Structures are given as C-alpha cells and as structure tokens.
1. Within region 279-295, which residues are within 12 Å of residue 197 (Cα to Cα) and among the acidic types (Asp, Glu)?
2. Just to be sure before I move on: is residue 170 of a type in the set (Lys, Arg) and under 39 Å from the mean Cα position of the chain (by Cα) in the structure I sent?
3. Restricting to region 178-190, and then to whatever is under 20 Å from residue 285 (Cα atoms) and surrounded by 15 or more Cβ atoms within 10 Å (Cβ to Cβ), can you tell me which residue is modelled with the lowest pLDDT?
4. Scan region 159-184 and report the pairs whose first residue is within 20 Å of residue 277 (Cα to Cα) and whose second residue is assigned to a loop (DSSP other than H, G, I, E, B) and among the aliphatic types (A, V, I, L, M), with Cβ atoms within less than 7 Å and a gap of 6+ or a chain change.
5. Residue by residue through region 160-171, note down the ones that are over 19 Å from residue 120 (Cα atoms) and part of a helix (DSSP H, G or I).
6. Under the condition of being more than 10 Å from residue 209 (Cα to Cα) and in contact with a strand residue (DSSP E or B) (Cβ under 8 Å, 6 or more places away or on another chain), which residue from region 262-276 is surrounded by the fewest Cβ atoms within 10 Å (Cβ to Cβ)?
7. Please verify whether residue 251 is surrounded by 21 or more Cβ atoms within 10 Å (Cβ to Cβ), more than 30 Å from residue 99 (Cβ to Cβ), at pLDDT 95 or above and in contact with a strand residue (DSSP E or B) (Cβ under 8 Å, 6 or more places away or on another chain), treating the condition exactly as stated.
8. Assuming residue 295 fulfils every condition listed in (1) at pLDDT below 95; (2) on the phi > 0 side of the Ramachandran plot apart from one, which condition is it?
Amino acid sequence: MKRSSAVIRRVVLAAAAVALAAGCTPDASGTGTGTGTPSASASASSGTPGASPTDSPTSDGKPPSPSASAPTESPSGSPSAGTPAPKALLGDGDENEQVRELQARLRQLDFFDRAPTGFYGTMTAGAVKKFQSHRGLPETGTVDETTWQRLLSVSRKPTADELKPATTNKLDTPDPRCMTGRVLCISKESRTLAWMIDGRVVSSMDVRFGSENTPTREGLFKVEWKARDWTSTIYHTPMPFAMFFSRGQAVHFSADFAARGYAGASHGCVNVRDKVKLSALFDEVKVGDKVVVHW
C-alpha cells in the first residue's frame, strides 16, 4: 500500500513538471488560457530577468525579428537640417560695383530691363529669382556662390557702356531753355535728367517725380544750395546729393526709386536712382546753375 502511494505521488509530480515545462500557466487575466509565453509575474517568480515579450527568444532559440509596427529610432536631425544654408554674396540693400555687374549680366540675358544702378533692391531680387528659376536653382532672390558662378558661365564680362549706360529712358528733344549755359534739363515726358552745357548733353540719368498730391513744380529755376548728406526735415528720409532748386524741392538720390522704380513716387523732388552717376554730377553742378523742369 505504501509502495502504491509512492508510485502515485511520483506520477502526479511528473505530470505537474510536464505541464510547467509546456508553459501552460494562467495568463494575467486569470482565465486559465495558456499564452505560450511566461507572464511578468511568472518570470519574476522563476528568477529570470524580467524581459519584454519582444526580447524573449523564439522557440528555435533565435532572437525575434523586430516588429514591423515597432517604432525605429531615427538619428537626431536629418542631413538637410544639419547642412548650413548657402552664404549670400549679394542681397537686399547691398550697394557696390559687384551689384552693378550682376545687373549688367542679368540685363544681357533679358532678366533685368533697366540700366544698372549698383543698388540691390526688389527689382534686382526679382530678376535674380527669374534667373534662378530658369536655371533650376532655389529661388531665394539672393546671390550665393552657386548662383554667381552659374551667371558667370552663361554671360560675358560687361563693357563700360553696359555697366554705366547713358540712361534707360530715351532722351527727348531738349526744351529750348536748355540750349544755353549750364543746365539740369529735366523732362517729365521721358522721365530723364540731362546735364547739358551749351546745348551738349554731358550725362543723363533716369528720374522720378512727385505724385498728384505732391507734384514736382515745372518751370525755370536755379540751384539754390547743395547738400551731400541731407535728411528731410519734413519726411525724415535721407536725401543724398541733394541740389535744391524750388522751395524745398531738390534733385537727389532715392534708395526707394532704386529699389522699386516707378512703382512709387516722390514728395515733389526729382528722384535719381543711380547714386554713382549722381555723385559725379553733384561734384560738377554749381550753385546758380539753371534747372529746367518741363514736359
């Protein structure tokens, strides 16, 4: 009898060992349904380090392949995010001879439709964007090394006349009052200023006038006084190379005219957009020289 009891006990223990080895333990819900993988509590009670199911070896002893839905760690920052933007060589507000060359080269390719001024404004930026678009470059409106080299490769070195042409606008027939003496002959019709001495045009440049509310006065005047650096006491805007001729109205350089062209207007003054040419003219003109503003 004792031997029979011992045999029965060994059979029961063996069956229990088989069941445990098969993993047929209750799941966490306590329903008694086997999951085939040890639960977290079972792992802890067995002394096995608590590993997540994806870290557990498969039945063939190999580590499991990553789940397709499992997120993958991406490197910090994409390659493009770590790449610095190209350094701008020329951009808005720049004023130098390289800008003048840029404008002359763009004009050769029909992207810039006016005389070079040497000032980088909205019109120059728009021309650069058109060139960049045509060449498959990022349309930034500023000139980086790639844009500059591409422009050099498809254009030629500008001549002196291309860099500093007489004017963009064609001169009209001078007013008769401009045919004698030293005269700033200013035409509203052709929107030009011609510096004339005894009927001969010495230099010329584009100009812009006042609006309907602040018109530029017409008539025969004289240069009353000059100021190389002047700021309007009414509008508080810079008026470089100002040559006053009629109660506060003057011929002067306008950065706004250089940037926007005829999209804007002055407050009555005669705006010039080519600062280099106006600077040379300023040095030639004397107080007392005639000023003729006409249609």
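1. Once the filter is applied, which keeps residues that are within 12 Å of residue 197 (Cα to Cα) and among the acidic types (Asp, Glu), region 279-295 yields 284, 289.
2. Taking the combined requirement at face value, the residue satisfies it.
3. 187
4. So the pair list comes out as 165/115; 167/115; 168/115; 184/285.
5. Listed by number, the residues that qualify are 160, 161.
6. 275
7. So residue 251 does not fit the description; no.
8. Single failed check for residue 295: (2).
The values are calculated or read from the model by the stated rules, or taken from the named source; none is laboratory data. This one's a predicted model, so the numbers in the text were calculated from it and none came from an experiment. We place every Cβ from the backbone using ideal geometry, glycine too, and count neighbours over all the protein chains shown.
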